[in-house]
Amino acid sequence: MGQQVQLFAVMGQPIAHSLSPVMHNQAFRQRDWPAFYFPVEAGPDQLTQKLAAFQSLGGVGANLTRPLKEVIVPLLREASPWVQRTGACNTIAWRDGGWVGDNTDVQALLEALPPARPGERALVLGAGGAAQASGVALTERGYHVTAALRHPRSLPWATSIIDWDERLKEAEWAVVVNATPLGQAGEESLLQWPRPIPGGIGVDWVYRPRWTPFLESVRQSGGRPIDGLTLLVEQARLAWRLWFQETAPAAPMWDAVAPWLDEGMKSENLKE
């Protein structure tokens, strides 16, 4: 008899756009592992039921995306320090009768960000799961972080909070992060985006399209873009640490997302 297939999933709403299934399944095939990864549509009020059904089918690991990264936290038996610091979780594994969780979004952005120089400031747009990961990663790297919110509230990683309408006020941001869905295919965008200083960094968690209106504005102003597709692949590779105690291979995951790569940009991230 063959080995039992291990089941993995990505849960969120909407979920049809997710590239996680093609990435992980390509890596499973490359390793010749008996595992399968699939999307599950789930809103916040459905998560408990969907997780129970998934586990009963043999589900052993999953990723969480919008709007579930914060909703999942109270359902965890054990949370990593990154989950505790962000209040958000994007990767879970079934162990000893319960779900344990980690936040590989933080780790992916940490690997991409340089340490801050004294006094350098960063701006984060949004307050959801991607924003929480961004804020913690930025503070870990030494930046003074400001959050621009539509509904201002206290955030433990933010040095200051500004109203959404103040996001375009002139300021010297070393890093600007779009942690909202704005600019994603099928979503509204902005006519004007805050920009980092020349030579600064613009981060966009949106990955479809890869080069968003925000990142194009960063490139035009002499900044360095960190795109959502790069972060997506890296957080997926790091999820394997929780599931298999190793980092996933980069090449098959980048091969899987090749149709979404711009011409001339296909080899820059093909590394182990």
Quick test of your reading of the structure: Ala53 fulfils all but one of (1) crowded, with 20+ Cβ neighbours inside 10 Å; (2) of a type in the set (A, V, I, L, M); (3) assigned to a helix (DSSP H, G or I). Name the failing condition by number.
(1)
If you scan the range 160-219, which residues turn out to be outside any loop (DSSP other than H, G, I, E, B), closer than 11 Å to Leu125 by Cβ and among the aliphatic types (A, V, I, L, M)?
Ile162, Val176, Val177, Val203
Any residue at all in the range 59-73 that is part of a loop (DSSP other than H, G, I, E, B), at pLDDT below 95 and either over 30 Å from Ala185 (Cα atoms) or touching a Leu at 6+ places or on another chain (Cβ under 7 Å) (or both)?
no
Where a residue in the range 53-67 is free of Cβ contacts under 8 Å to residues at least 12 places away in the same chain and its partner, wherever it lies, is among the β-branched types (Val, Ile, Thr), with Cβ under 9 Å and at least six apart
Ala53/Val40
Return the residues of the range 118-145 that are surrounded by 22 or more Cβ atoms within 10 Å (Cβ to Cβ) and in a strand (DSSP E or B); say none if nothing qualifies.
Ala122, Leu123, Val124, Leu125, Val145
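Being in contact (Cβ under 8 Å) with a residue 60 or more places away in the chain and within 21 Å of Val106 (Cβ to Cβ) is the filter here, so list the residues in the range 199-228 that pass it.
So in the range 199-228, the residues in contact (Cβ under 8 Å) with a residue 60 or more places away in the chain come out as 201, 203, 205, 207-208, 226.
Result: Ile201, Val203, Trp205, Tyr207, Ile226.
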Options Ile161, Ile197, Ile92: the member that is within 17 Å of the chain's Cα centre (by Cα) and hydrophobic (A, V, I, L, M, F, W, C):
Ile92
For the range 165-172, indicate whether the set of residues that are farther than 25 Å from Thr91 by Cβ, surrounded by 16 or more Cβ atoms within 10 Å (Cβ to Cβ), of a type in the set (D, E, K, R) and at pLDDT 90 or above is non-empty.
yes
Can you tell me which residue within the range 205-225, out of those that are at pLDDT 95 or above and crowded, with 21+ Cβ neighbours inside 10 Å, is nearest to Pro181 (Cα to Cα)?
Trp205
Counting only residues that are touching a strand residue (DSSP E or B) at 6+ places or on another chain (Cβ under 9 Å) and among the acidic types (Asp, Glu), how many does the range 106-145 have?
1
Scanning the range 231-272 for residues that are modelled with pLDDT under 95 and of a type in the set (S, T, N, Q), which turns out farthest from Asn63 (Cα to Cα)?
Ser267
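For Pro39, are the conditions met, namely being more than 14 Å from Trp243 (Cα to Cα), part of a strand (DSSP E or B), over 15 Å from the mean Cα position of the chain (by Cα) and not hydrophobic (A, V, I, L, M, F, W, C)? So that I can check it myself, show each step before the final result.
Numbers: more than 14 Å from Trp243 (Cα to Cα): yes; part of a strand (DSSP E or B): yes; over 15 Å from the mean Cα position of the chain (by Cα): yes; not hydrophobic (A, V, I, L, M, F, W, C): yes.
Criteria met by Pro39.
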Is at least one residue of the range 186-204 crowded, with 22+ Cβ neighbours inside 10 Å, of a type outside the set (A, V, I, L, M), in contact with a helix residue (DSSP H, G or I) (Cβ under 9 Å, 6 or more places away or on another chain) and under 30 Å from Gly59 (Cβ atoms)?
no
Name, by its number, the condition in (1) surrounded by fewer than 16 Cβ atoms within 10 Å (Cβ to Cβ); (2) in contact with a strand residue (DSSP E or B) (Cβ under 8 Å, 6 or more places away or on another chain); (3) in a helix (DSSP H, G or I) that does not hold for Thr48.
(2)
Kindly evaluate Ala88 against the criterion of being closer than 30 Å to Trp240 by Cα, touching a residue at least 40 places away in the same chain (Cβ under 8 Å) and in a loop (DSSP other than H, G, I, E, B).
yes
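The values are calculated or read from the model by the stated rules, or taken from the named source; none is laboratory data. These numbers come from a predicted model, not from an experiment. When we count neighbours, we look across all protein chains shown, and the Cβ atoms used for this are built from the backbone with ideal geometry, even at glycine.
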